Each structure stands twice: as C-alpha cells, then as structure tokens.
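The values are calculated or read from the model by the stated rules, or taken from the named source; none is laboratory data. None of these values were measured; they are calculated from a predicted model. FYI the Cβ positions are ideal-geometry reconstructions off the backbone, even for glycines, and counts take in every protein chain you see.
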Amino acid sequence: MEDFKKAIDQIHAPEDLTARTRTRMFQENARLRQEKTGPALYLKRWSRQIVAVAACLVLLIGGTVVYRNTRPITWNTLPAGTTIVGEGGNTGLPEIQPALTPQLAELYDSGKTRKIEGVPVVFVREESTDVYIAYWRDGDAERTYVSDPGATEKEFLQEVRTLLKQ
C-alpha cells in the first residue's frame, strides 16, 4: 500500500497545463464579475433567505388570525341575584333588566372582554334562562344583544359579528 501512495504522489500535471488552467480560471472569474453586478446579484444571492423570511411572516400572521378566530370564548356569569326580564315588547326576545347594564359595564371595564371584529365585547352565559348576552361600547353608546333562548353558541357569535359590522 505504501508503494501505491508513493507512486501516486509522483504523478504531476505538466507546468504549462497548470499555467493555462489558471489563466482561463482568472479570465472566467473576471467575465462573471462583469456580468453579475448590481441589484440582480444582490437579490439572487439573498433570494433563499428572503423567501424563508416571507414564508415565516405568512405563517406567523396566518396563525395569529386563525388563533384569534378559533380561541374559545370565556363566558362570564351574571352576578348573584340578577335576572333577565321575560320577553321584550316588540322584538319577542328576552331583555335584560336596566340594573344589569352597570354590572355588564363593570365586567367590560375590568377587561373581561374578547375582541370580535376588532371590538372588545363582554360575553355572558345565563344557564337558567339558556340565553347568551353580549355587551360592548360603540363610542359613547352601550350596546347589548341577548340571544333567543336555546340558541347555539355559534349562532349567537355569528349574530354578534353581524351586529358589529353594521
């Protein structure tokens, strides 16, 4: 094996071939430098990193949007002793007692809200009457929405979104 290594070490390229190869290599490098100048080279050099960063941003923003829209609602409960009044006058829907509005405002001010359509909303689930209540502020006005008894959470949230878009 040692004889083989010594024999291989004795093999060398002719000096003129080495010189011609170096000359052609330097000429090709100079030609490539002249062709690839300016912003195109910069973008080509960094294109993989730019695409990776863009993909990460898309995933981050998309994940945030999905998370915000699929996060479960934190349902507040009504304070002890409060009740919902029976069916309202012309709407046929349950209405809340006027005394309940300040209590909903307290929940709102305490930060027990969830943003829907960019608006902070307090959500209350009343087990005994099987209704959902939403409370939010529209400028100086206080808004409440009470669902039909037996409405599903999905129907209620869809109705709240519709009201907030108006």
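Filtered by the rule that a residue be of a type in the set (Asp, Glu) and either within 21 Å of THR101 (Cβ to Cβ) or surrounded by 17 or more Cβ atoms within 10 Å (Cβ to Cβ) (or both), the stretch 140-166 gives ASP140, GLU142, ASP148, GLU159. Scanning the stretch 132-166 for residues being of a type in the set (A, V, I, L, M), farther than 17 Å from LYS112 by Cα and touching a residue at least 60 places away in the same chain (Cβ under 8 Å) gives a total of 1.
Given the criterion within 23 Å of the chain's Cα centre (by Cα) and not in a strand (DSSP E or B), identify the matching residue among THR129, THR101, THR162. Every option except THR162 fails the conditions.
Exactly one residue among GLY63, GLY111, GLY86 is at pLDDT 80 or above, within 26 Å of GLN158 (Cα to Cα) and among the small types (Gly, Ala, Ser), and that residue is GLY63.
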